[in-house]
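J.: Encoded as structure tokens, here's the structure I'll be asking about.
Each reported figure results from applying straightforward, stated rules to the coordinates on display, with no laboratory input. Small disclaimer: the values here were computed from a predicted structure and weren't measured. Ideal geometry is used to build each Cβ from the backbone, glycine not excepted, and the neighbour counts take in all protein chains shown.
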Amino acid sequence: MKRRSHVTAKHTLLTDTWTARVEALETAVGRFVADEPLTNDCQVAFFEIARDRHLHVNVTHRHPTRTVRGWAGPARLPDGFVHNRRFEEAPLDQIVRSVRKMVDAERIRERRSS
């Protein structure tokens, strides 16, 4: 039986500026798998950086993916491959769509060395 992929979300916020929107974003991320099965496990992290008004978002996939427009990366980490983006004034539904596109990014099949 094939294992079903999953997505998780977490946050580290320094202020209350993004709290309500991040809670809504985490709820939306939780529905991504229910809407359509994923092909690549991933974790979405929402966070703030001191003295920076932006919401920062990292999407880390277990396997490499294509880069989605507007996202930087990938960088290789011990847990996988991370892409990141920041948001300032974007409406919530636009942020959800952008995160969804990165979560759904096409997996790149790694070549096996012979």
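J.: How much net charge surrounds ASP79 when only the other residues with a Cβ under 14 Å from the Cβ of ASP79 are counted, with Lys and Arg +1 and Asp and Glu -1?
T.: Values: positive: LYS10, ARG62, ARG76; negative: ASP41.
In short, +2.
J.: Let me ask you something else. Helix 19-35 versus the longest principal axis of the chain: what is the Cα-based angle in degrees, 0 to 90, to the nearest 10?
T.: 30 degrees
J.: Then there is this: When DSSP assigns beta bridges and you keep just the ones with both residues in the chain, what percent turn out antiparallel, to the nearest 5? Mind showing how you got there, number by number?
T.: Working: 18 of 24 bridges.
Counting only bridges with both partners in the chain, antiparallel ones make up about 75 percent.
J.: Can you tell me, using C-alpha contacts under 8 Å and at least 6 residues apart, the relative contact order of segment 7-103 as a whole percent? Numbers along the way, then the final one.
T.: Numbers: 152 pairs, mean separation 24.9, N = 97.
Relative contact order comes out at 26 percent.
J.: With no solvent and one equal point scatterer placed on each C-alpha of the chain, evaluate the Debye formula and give log10 I(q)/I(0) for q = 0.17 Å⁻¹, two decimals.
T.: Results for the chain at q = 0.17 Å⁻¹ read -0.80.
J.: Give, as a single signed number, the net charge of other residues whose beta carbon lies under 13 Å from the beta carbon of LEU14, with Lys and Arg counted +1 and Asp and Glu -1. Mind dumping the intermediate values first?
T.: Values: positive: ARG51, ARG53; negative: ASP16, GLU48, ASP52.
After counting each charged neighbour, the total is -1.
J.: Going by average Cβ neighbours within 10 Å, how do the peptides 61-68, 17-24 rank, with the highest at the top? List each step's numbers first, then the result.
T.: On the way: 61-68: 17.9, 17-24: 14.9.
Output ranking for 61-68, 17-24: 61-68, 17-24.
J.: Which angle from 0 to 90°, rounded to the nearest 10, does the C-alpha axis of helix 92-103 make with the longest principal axis of the chain?
T.: Computed tilt is about 20 degrees.
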